[in-house]
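Trainee: Just dropping this structure here.
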Amino acid sequence: MNPSLNLWVIPILPLAGAAINGFLGRKASRPGVTTVALLSSGAAFAWALWVAARFSSLSLPYQEFFAHWIRSGNFSADFAFYLDQLSLVMLLVVTGVGFLIHIYSVGYMWDDSSYYRFFSYLNLFMFFMLTLVLANNYLLMFIGWEGVGLASYLLIGFWFTKDSAASAGKKAFIVNRIGDFGFLIALFLLIKHFGSLNFEQVFGAVVPLQPETAGAGLLTTIGILLMIGACGKSAQIPLYIWLPDAMEGPTPVSALIHAATMVTAGVYMVARSHVIFDRAPTALTVVAIIGTLTAFFAATIGIVQTDIKKVLAYSTISQLGYMFMACGVGAFSAGIFHLMTHAFFKGLLFLGAGSVIHAVGGEQDMKKMGGLKSFIPWTFLTMGIATLAIAGVPPLAGFWSKDEILWKAYQVSAVYWVIGVVTGFITSFYMFRLLYMTFFGDYRGAQVDGHDSHGHNAHGHGDPHESPMVMLAPLMILAVLSLVGGLVGWGNHFEHFLAPVFGTTEPATGAASGLTEYLLMGVSVLVAFAGWGLAYLLYYEHPELPQKIANSLGGFYQAVVHKYYIDELYAAVFVKPLIDGSTRILWQDVDRRIIDAAVNDAGDGARHISDEVRHMQSGNIRSYAGWIAAGSAVVIAFMIWMWMEAR
């Protein structure tokens, strides 16, 4: 008999923080808002650590039932949580990294006029992400899935008075809806053919089925539809276009949502659905191909970006591609391993970039930086560690997880390995390029006027200045994790820990000798140093060369700078026709139902229409979002009350 862990407390804590700051924060002091935000997120992390400490004594999987939710014939979906090795890893990553980013945000957002609103949204995001991770069925997972999409929209467009930020938030929201359409159809197929969305019931019904090797059957269809959903949330080809624009949000948002948690939700969902994918080799191949191509494609764009956050955005897309490559070759534990180490070093890189931006008064163009290592040495040191980690330099965290992915990929197909290694070279090059352009040479920027472009205090006038300790402490902790976090994979300990979840799904075909494994490891390390060396040559020894090379490449270079014109292509093929068509239909509707009605039934018609519209629709998306959040709080409160009554 398992002891009660009260898992519901973990997501409820940040939800309570979101509600308190959202409804009362406007009139509260900044220290009061800070206390609520940090206590709610810190207590969630502490509870997760307590759960981890008791984990070994549990009979797994551990489940907690709270309340009946939906009943229709033989179909049912409940409010219930599910804990196993996979969800424990995600739980610790979300709460641990999330708490550090909350601490960092205190310094970064202190002078923002909507300080309380930012932390309300941040806490709300943690609630939905934890719901997604702990759900014991696909429907509750989908609630968390949509919730993080809502929170992402609110946080990306946080500075909504800027047109670019508002547009970026809408773009993220709309593109994710495209992926969610595929996810929903997959859920409908699961209900139709298996009568349930509960993980244990669905997977129990799938396990006896034979792999679909003869063509595309039911499981293949479901797997591909799930991958479409994952492509939207985890920014994979062809639905990656929202993530670079999402850098319009505050930098802590980039670190939390677009490096450590939300964008990894698609990887988690595919890994959680491994039983389905194991029996749908065609769907697995689709996952591997999309992941591999995305890793390479996004890396090539990262080479030429000059906005420090855009470099990291395309790097994130590329690293997510590595995770999907791992899942696609059946190495689910390797994908989750890289998910964890990526949360450490990419979260650190984004927070470090925020520290740089903070120091130089809001500037994000690396061409206007340079020489910052003497002004912000702690930021330089921590970002240097993260750069070594993401480049795959041993023995830092990124080396262990990336090498594991490349080895598993090689066992399935040498093509995946070659593309992965080339991508590793490009990754090393553009990350050390970022480091040299930002921290070495002479400072090329203007004098700091004391505030950045959003009104945040830049801590002094004149030269760039180091960030306060409230921002540096999370950088230091993440730097330590980037240094040693990969050691959990030593001796395949991480893979063994996740083995009860994934079983024997790790690739065994084409197994090579131990000598081959070490040889391939040596190659991946060499390409990491080769990328470093090329960046050193071009951006430290001969900084005039990159522009000469760019000029010689002509149109090809411009194509890469413009991200291969994919956004323009989507705008021409999809956006403009849809907008024009919907506008035409809208005006026809307006003409028929409103103008004609107003003319034919002048007084009553106009009064009736205006009264109905005025009461039913505010036209404010943020108002709708607030009501959704409030409704979520009421539903969760009801769920807890039902659970307590049942006990």
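Trainee: What does the highest-first list of 394-402, 375-383, 246-254, 529-537 look like by mean Cβ count within 10 Å?
Mentor: In descending order of packing, they fall as 246-254, 394-402, 375-383, 529-537.
Trainee: Tell me, what is the 1.4 Å probe accessible area of residue 419, in Å² to the nearest 10?
Mentor: The value for residue 419 is about 50 Å².
Trainee: For the stretch 318-436, what are the per-bin percents of Cα-Cα distances with bins 5 Å wide, up to the bin holding the maximum?
Mentor: Per 5 Å bin, starting at 0, the Cα pair percentages come out as 2, 12, 21, 21, 15, 11, 9, 6, 3, 0.
Trainee: How large is the accessible surface of residue 272 in square angstrom, using a 1.4 angstrom probe and rounding to the nearest 10?
Mentor: 10 Å²
Trainee: Using helices alone, I'd like the mean residue ellipticity at 222 nm for the chain: each DSSP H run of four-plus residues gives -39500 (n - 2.57), total over residue count, nearest 500.
Mentor: Counting only the DSSP helices, I get -22500 deg cm²/dmol.
Trainee: Provide, for q = 0.12 Å⁻¹, the log10 of I(q)/I(0) from a solvent-free Debye sum over equal Cα point scatterers in the chain.
Mentor: -1.32
Trainee: Same structure, new question: In what sequence, highest mean first, do 95-102, 77-84 appear when ranked by Cβ atoms within 10 angstrom?
Mentor: Ranking, from highest mean packing down: 95-102, 77-84.
Trainee: Could you pull out the pairs from 309/576; 192/563; 309/402; 192/233 whose alpha carbons sit more than 30 Å apart here?
Mentor: 192/563
Trainee: For the stretch 167-262, which semi-axes, largest first and in whole Å, follow from the square roots of 5 times the eigenvalues of its Cα gyration tensor?
Mentor: So the equivalent ellipsoid measures 32, 14, 12 Å along its semi-axes.
Trainee: While we're here: Which chymotrypsin sites (Phe, Trp or Tyr not before Pro) does the stretch 217-281 hold that lie in a coil by DSSP with at most 14 other beta carbons within 10 Å?
Mentor: Here no loop site has a sparse enough neighbourhood.
Trainee: Determine the share of the chain's accessible area contributed by carbon and sulfur atoms, expressed in whole percent, with a 1.4 angstrom probe.
Mentor: 66 percent
Trainee: Hey, can you find the accessible area per residue of the chain for me, probe 1.4 Å, expressed in square angstrom?
Mentor: Ligands and nucleic acids excluded, the result is 40 Å² per residue.
The values are calculated or read from the model by the stated rules, or taken from the named source; none is laboratory data. These numbers come from a predicted model, not from an experiment. As a convention, Cβ positions derive from the backbone with ideal geometry for all residues, glycine included, and neighbour counts pool all protein chains shown. With ligands, DNA and RNA removed, areas are computed over all heavy atoms of the protein, side chains included. Shrake-Rupley method; radii C 1.70, N 1.55, O 1.52, S 1.80 Å.
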